[in-house]
């Protein structure tokens with residue numbers, strides 16, 4: 001197995017400027033910060049990409065990001081920040097261990113918005129069809145999870161005669177893409193960057 005820098009940090013083999021730790025996650029200041037307060041959040045278990053993580057662990061990771069995003073900007077005396085992930089080599093992931101960045105932003109920091117990372121020409125007329133494909137993909141994913149859940153519940157009923165309990169999982173929110181008659185125009189929001 002390849003030596004993983006972040007696994008070594010999670011295991012305590014490499015010291016770091018830790019700002020948060022729980023049983024699943026750890027957060028520390030970036031040693032090559034892009035900004036004052038630039039913090040990295042990682043799961044202690046090794047996952048290279050977000051989709052490899054079990055959903056319950058991903059929820060816990062996002063709760064940590066949420067907590068830190070409320071505190072870090074205040075500590076470094078700003079109100080704005082970027083939260084980012086480079087998920088895979090093509091996205092710029094340098095360390096093959098899932099990690100998120102919280103990067104506080106300041107007046108005149110010469111940083112750009114996330115939309116400036118990639119500039120591929122996309123036809124607006126193709127967006128409604130793409131939105132529908134994504135919506136169907138989400139629906140199919142939710143349906144397969146429900147089917148998996150039904151199989152598990154059936155097995156549980158066979159092994160035990162208990163009252164069913166409510167699932168802690170939250171259903172996906174549905175978005176009505178049909179209400180949009182055209183793709184949104186965000187060009188005004190990007191002016192000046």
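Please treat every number below as a calculation from the coordinates, not as lab data. Keep in mind that what you see is a predicted model, and the values were worked out from it rather than measured. Positions of Cβ are backbone-derived with ideal geometry, glycine not excepted, and every protein chain shown enters the neighbour counts.
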I'd like the distance between the alpha-carbon centres of region 63-114 and region 15-61, rounded to an integer number of Å. 11
The convex hull of the Cα atoms of region 1-135, divided by residue count, gives a volume in Å³ per residue of 150
Between residue 90 and residue 116, what's the calculated FRET efficiency when r is the beta-carbon distance and R0 is 22 Å? Round to 0.05. 0.85
Measuring from label point to label point, each 7 Å out along Cα→Cβ, what is the residue 57 to residue 130 span in nm? 3.1
Contour minus Cα-Cα span, residue 80 to residue 49, at 0.36 nm per residue, comes to 8.5 nm
Give me P(r) over region 14-63, computed from all C-alpha to C-alpha distances, binned every 5 Å, as integer percentages. 5, 19, 29, 21, 17, 8, 1
